[in-house]
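Everything on this sheet refers to the single structure shown next.
Just so it is clear, none of the values below were taken in a lab; they were calculated from the coordinates. On a predicted model such as this, the values are computed, not experimentally measured, just so you know. Please note: Cβ atoms are built from the backbone with ideal geometry, for glycine as well, and neighbour counts cover all protein chains shown.
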Amino acid sequence: MASNSRSSISRRTWIAATSGAVAAGLIKTKADAVKLVAQEAPTPPDDPTKVPGRFTSEVGVRAPEERPRRLTRSQTLSSSSRTPLQELQGTITPADLHFERHHAGIPDIRAGRHELLVHGMVERPMVFSMADLKRYPSVARTYFLECSGNGGGAYNRERMPVEITPQALDGLLSTSEWVGVPVSTILNEVGADPAATWILAEGADAAVMSRSVPMEKIMDDSLLAYGQNGEAIRPEQGYPLRLLLPGWEGNASVKWLRRIEVTDRPTMTRDETSRYTDPLKGGLSRQFSFFMDAKSTITFPAYPYTLPDTGWWEIQGLAWTGRGRITRVDISTDGGRSWTEAELQEPILPKSTVRFRHLWNWDGSESLLISRAVDETGYVQPTVQQLWEARGERTAYHNNQQRVWKVGADGAVTFGLGDLV
Amino acid sequence: MRRVALATMVLAVGCAPAGSSSAAGSSDGAEPPELFGFGSAASAERVAMWDIDVKPDGEGLPPGSGTVAEGEQIYLMQCIACHGPTGTEGPNDVLVTREPWEEWPAGRTVGGYWPYATTLYDYIVKAMPQLTPGTMTADETYAVIAYILYLNDLVPEDAVMNAETLPAIEMPYRDRFVPDDRTGGSVIR
């Protein structure tokens, strides 16, 4: 697919290039012309130093061999897609690979017509165009965003997966540099009533997706975000404007934001009552469970990779917490009997992902690899047994259990939690 | 829309402290204003046009009403394809629970889980029917809610839903919803 589009673009490029090259006297023989064609052909030259390279382009494309793809589910209006964690480097998620979760599809919104209405318990109800919002003092901050259903596929003890990739299990996690205006700036602008305790945030999608958010969070670090990784937010992430609640479950960071109502109580929308509530043991259901607690997972080696050799391998993965900074990640290569502190890649940003590394000399024996994150509150990423004990087994939301990967004697890696429970 | 000339009002006050979040520096050393004034005043009509959410106490519910019988006709036309003939067959969300569950909850149905009846109005009037969202009138919305509640044995067959009756419905499991008690630190909850 990529090569087809490349060659259809290149035909015109080639004509322009060759006519220019003929005029410049560069094409003297048929072989010269063949070389110029070859540079655009799907088959790369044996020696790239012997063939001129491509020209500049307005929009770049990935190398033909690099084909990271989101993992999409069924094509329904309420659906999701997952970030290929095992194929990425560092911590930033390329915007076109950021996970998706839509409740009624991706709306087609033009920034020039989009407006944010702020009203309710305010002195001055106001409407803001995107140009208005961009004129306010802005901030840029790097935060992870994660769906609270992430990891839920490995909570049911009767259906513990084996052949599952980091993407399929934990790909509802992405990290971006977000740019926008603190919501507190806008609430100051409209004169929010100090007695207000909640807001209602509402999207302009076909679900008019709405969530109530406590005022304390809004005034702390919440953003009205319009930028993502150096460009405008992608349509799938809420173009042209989204709420961004750092460290909190992704659903509450309402996309395509069109309205904020300042209130003194939650609205009890469908997605904070019927969904995104967590039934516990004892017949209770946890509501407004916003925080994403500390998590980590190894992204290499992981299914479907097979280690081809024994010897030195760098175990890598991501750790994150919605409660501030990750302070430590422990690695076990023996199923949790012993632990070693992993190296954390600086900078360790609050409410962002951190890449960890651990050099491992694999001796060829079957090994269970586990990562365990610790955050600045002292919280230690729990085992699934601890979560079952604390919560019961009726919710898969907020499953932050220690992920386990099994390296077989043949080097094949699978999800290995089933061997420990 | 009328431009709000607030920035000048505040400048007249003198050296008002910068807004709590307006931490940007200014190039000439001047204090940023308490208010910038970028944006427009929202008219009451504009607010009313978009302020369609419904609170648990019924605030936001519009005039109008609907019966179970009217709701059944709407359900058969608008809802049955996704939610099934009796609200239990899918393929989309199961809406109905008639018998108490042995272990709560065995699903997220209206009668078996939803804590507030007003959420039905807030959700349906915005998001349903899925392919033509936001097209149902207030009367139609009340009616289809009456029918869904009737299917869940929460209202009798002659029930009428309106801005007074809907928030008065006591959903059976409301008291089971508790605030988040996770706090970080050493306790796993």
Inset, instruction - Name the most mobile residue of A:His98, A:His358, A:His398, meaning the one with the largest mean-square fluctuation, in a Gaussian network model of chain A with Cα contacts below 10 Å. - result: A:His358
Inset, instruction - Give the calculated FRET efficiency between A:Ile92 and B:Asp28 to the nearest 0.05, with a Förster radius of 35 Å applied to their Cβ-Cβ distance. - result: 0.50
Inset, instruction - Select from A:Trp178, A:Trp198, A:Trp360 the residue whose mean-square fluctuation is largest in a Gaussian network model of chain A (Cα-Cα springs shorter than 10 Å). - result: A:Trp360
Legend entry - In range of the label at A:Ile348: residues from region A:376-406 whose backbone nitrogen is under 11 Å from the point 7 Å along Cα→Cβ: A:376-378
Legend entry - For A:Thr299, distant residues with modelled amide H under 5 Å away: A:Gln316, A:Gly317, A:Leu318
Legend entry - Folded to 0 to 90 degrees: helix B:68-78 orientation relative to chain B principal axis, Cα: 80
Legend entry - Between helix B:138-151 and chain B: long-axis angle, C-alpha atoms, 0 to 90°, nearest 10: 50
Inset, instruction - Would you list, by chain and number, the aspartates and glutamates whose Cα falls below 16 Å from the Cα of B:Lys55, excluding same-chain residues fewer than 8 positions away? - result: A:Glu202, A:Glu261, A:Asp264, A:Asp271, A:Glu272, B:Asp122, B:Glu164, B:Glu170
Inset, instruction - Could you please report the charge total around B:Glu59, scoring K, R as +1 and D, E as -1 over all other residues with beta-carbon less than 12 angstrom from its beta-carbon? - result: -4
Legend entry - Rh (Kirkwood; distinct C-alpha pairs) - the protein assembly as shown, Å: 27.0
Inset, instruction - Give a residue-ordered list of calculated ³J(HN,Hα) values for region B:173-182 (Karplus: 6.51 cos²θ - 1.76 cosθ + 1.60, θ = phi - 60°; whole Hz; x for Gly, Pro). - result: 10, 4, 6, 7, 8, 10, x, 4, 10, 6
Inset, instruction - Please order A:Thr395, A:Thr175, A:Thr306 by the number of other Cβ within 10 Å, starting at the fewest. - result: A:Thr306, A:Thr395, A:Thr175
Inset, instruction - Tell me the label-point distance for the pair A:Val51, B:Trp101, using the 7 Å Cα-to-Cβ offset, in nm and rounded to one decimal. - result: 6.1
Inset, instruction - Can you pull the one-decimal nm distance between simple spin-label points at A:Arg73 and A:Asp334, each 7 Å off the Cα toward Cβ? - result: 4.0
Inset, instruction - Can you figure out the FRET efficiency of B:Cys82 with A:Asn156, using R₀ = 30 Å and their beta-carbon distance, to the nearest 0.05? - result: 0.70
